[in-house]
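Below: the structure, in structure tokens.
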Amino acid sequence: MQIPAEKIIRLAESDHPSEVRCAAITILGELGGRHPEVSAAILGALASDDGAVRIRAVYAAGQLKIDKALPRLIERINRGGREGELAADAAAKLGAKGSQALREVIHKVVPGVRKYIAAALAGAEADGAKDSSGSGIAMLQEKDPAVIEAAVGTLANRIPDLDAKRKRALADELFEMAKSKKVKLTPLGEAGVVRLASLLDDERVETLLWDRVLPPIPAEVRAAALQALSRFIGSPGKDHRAKLFQCAADTQFRVAAPAMMLLDKLPVTDKHIGEWLALFDAPDLAPRRFALNKVGDRDVAEVSEKLIEQVRHQDRKYRGDVLAKLAGLSKGRKALAEPLRKAETAEEAWDLARVVAPFAKADPKTWGDELFPTLGKHLEANDKRVDPLLFALREAGAAELRDRLESKGASYKKKENFEKALLYYKAAARDPASGFSVRIGLGTVGLLLSKKNLEAEARAHDPSLHAFADLVRQDEPATFKEVESTKWLTADDLYYLGFHFADHVNVMGEFGGKVLKLLLKRFPKNELAASAKNKLKSSGHK
């Protein structure tokens, strides 16, 4: 049963409840046609104080294309909100008059509602409304970012549902705008052109995108072009690859990120390894990490050499990741010796030493040849960087390191450079497994360099005397034999050593007495000879 239009119109009058009026206006919008009475009812509802009724009337005015509603629709736009958005959309549906009115008012309304007008014009153009061609696309020439984003968003949402003819028409407008020298677009506007063009099935798109990925094109446009290229990446040629790698190394992450996403789809081949390695020179960390993940496991000299350059990067986490990659490469493990030698701080050296140590075990001699000269330089300079080197070489081969340190100490002792000799003997003695030859060297050289303060407290803290105590307990005859054969020990040295042990009991006391007697034998006319005799007598030695 059909209800006469007059009854529905009466239900839209103000003496009925709001819900009834809203329902009536909705029905009129759907079924009312272009009858004067219906138009009058809708116009009346547009002036209602009831917001819900006005919104239904705004929507109906657009549906029925009521031209007389245009002034009120324009008025409602400036109020913003949902009503302003629907009013702009309804005005755009009124054809040429509505589009013209919207274009005229867009710069007169408050900034917050301009986006509604832009979206409405873009929607009308996407729908192919007569006399609105170019109105939506023209919004991309605006300077207001909200206007551009609204127009682009609306067109982008509508494009997938357009037929081929309408897509082609939009493409023609976009490409004409892109190549026109008269049209001045903001970076955001040009990015909008790129984004919309990429959604259209047009053979001109790929060229447009590649032409907009490098400077001096603005970053917004470059980022949009790179994001859009994901549809076209297959087997890019040399020039296109070069562009992608240049963008991946860009200082602006919004450009570098989409470029890296595109490159991530490409296989890594030996032919193109140099392009990937170039990313390690990028100013920002993200491209370097990307390259590390892509090529860091390739066990070739070029990769190891490039990774070695990264071990001094200021980012600690990145340094750790680089070292982990190097540790997994046969060529990388060997190459680590150079940065360990050249480490500028103890912290840096420790990072490297911990990586090197497990792999150095396989060839302690080679690693010793590589690192021991630097170890010696740091040791003699009292440089803290010596500790990580000692750690690495001790982990590689404790016996190999101990022998090197003892040999170097003995060499300096032979040259009577006792200060340096003591440094090497001390370093060798850090190893609990160091033998008699190391400890006697530590004791004799330490004795020579001792301040030889006879006060009990000073002697209790003298490392050389502690060394001799351990030696005497270990093998007293051999210890005395070494003292006896060490010709460069002075009367002061022998007196100090004998004086300390002479008061001890058993083997310690015996050793002290023998040393004092050695002094009398070797230096009978020395002024300390009398003191040695007195000490022997007072300590009960015959």
Does at least one position in segment 359-370 carry a residue that is modelled with pLDDT under 95, aliphatic (A, V, I, L, M) and under 42 Å from the mean Cα position of the chain (by Cα)?
yes
Answer yes if at least one residue in segment 459-472 is more than 15 Å from residue 444 (Cα to Cα), outside the structural domain of residue 418 (by TED's automatic domain parsing) and of a type in the set (A, V, I, L, M, F, W, C), and no otherwise.
yes
Against the condition closer than 27 Å to residue 372 by Cα and outside any helix (DSSP H, G or I), how does residue 312 come out, does it pass?
yes
Mind listing whichever residues of segment 139-167 are buried (at least 20 other Cβ atoms within 10 Å of the Cβ) and part of a helix (DSSP H, G or I)?
139, 140, 147, 148, 150, 151, 152, 154, 155
Residue list for segment 411-454, restricted to those being closer than 17 Å to residue 470 by Cα and charged (D, E, K, R):
426, 430, 431, 439
Pairs with Cβ under 6 Å, 6+ apart, first in segment 425-448 and under 16 Å from residue 483 (Cβ atoms), second not in a helix (DSSP H, G or I):
444/486
Residues being outside any loop (DSSP other than H, G, I, E, B) and either in contact with a Pro (Cβ under 9 Å, 6 or more places away or on another chain) or among the β-branched types (Val, Ile, Thr) (or both): count how many of those fall in segment 47-68.
3
Kindly evaluate residue 541 against the criterion of being more than 60 Å from the chain's Cα centre (by Cα) and outside any helix (DSSP H, G or I).
yes
Report whether or not residue 194 is under 30 Å from residue 43 (Cα atoms), hydrophobic (A, V, I, L, M, F, W, C) and under 43 Å from the mean Cα position of the chain (by Cα).
no
Could you tell me which of the residues 258, 283 is within 18 Å of the chain's Cα centre (by Cα), part of a loop (DSSP other than H, G, I, E, B) and either closer than 21 Å to residue 307 by Cα or without any contact (Cβ under 8 Å) to a residue 60 or more places away in the chain (or both)?
283
Name the one entry in 480, 501, 523, 511 that is of a type in the set (Phe, Trp, Tyr), in contact (Cβ under 8 Å) with a residue 24 or more places away in the chain and within 13 Å of residue 444 (Cα to Cα).
480
Mind checking whether some residue in segment 468-476 is more than 60 Å from the chain's Cα centre (by Cα) and assigned to a helix (DSSP H, G or I)?
yes
Selection from segment 261-271 of residues that are at pLDDT 90 or above and in a helix (DSSP H, G or I)
261, 262, 263
Got a sec? Which of 347, 305 is outside the structural domain of residue 384 (by TED's automatic domain parsing), under 13 Å from residue 388 (Cβ atoms), modelled with pLDDT of 90 or more and within 22 Å of the chain's Cα centre (by Cα)?
347
Restricting segment 319-331 to residues that are in contact with an Asp or Glu (Cβ under 8 Å, 6 or more places away or on another chain) and modelled with pLDDT under 85, the residue that is surrounded by the most Cβ atoms within 10 Å (Cβ to Cβ)
331
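The values are calculated or read from the model by the stated rules, or taken from the named source; none is laboratory data. For clarity, every value in this text was computed on a predicted model and none was experimentally measured. Every residue, glycine among them, receives a Cβ derived from its backbone with ideal geometry; neighbour counts consider all protein chains shown.
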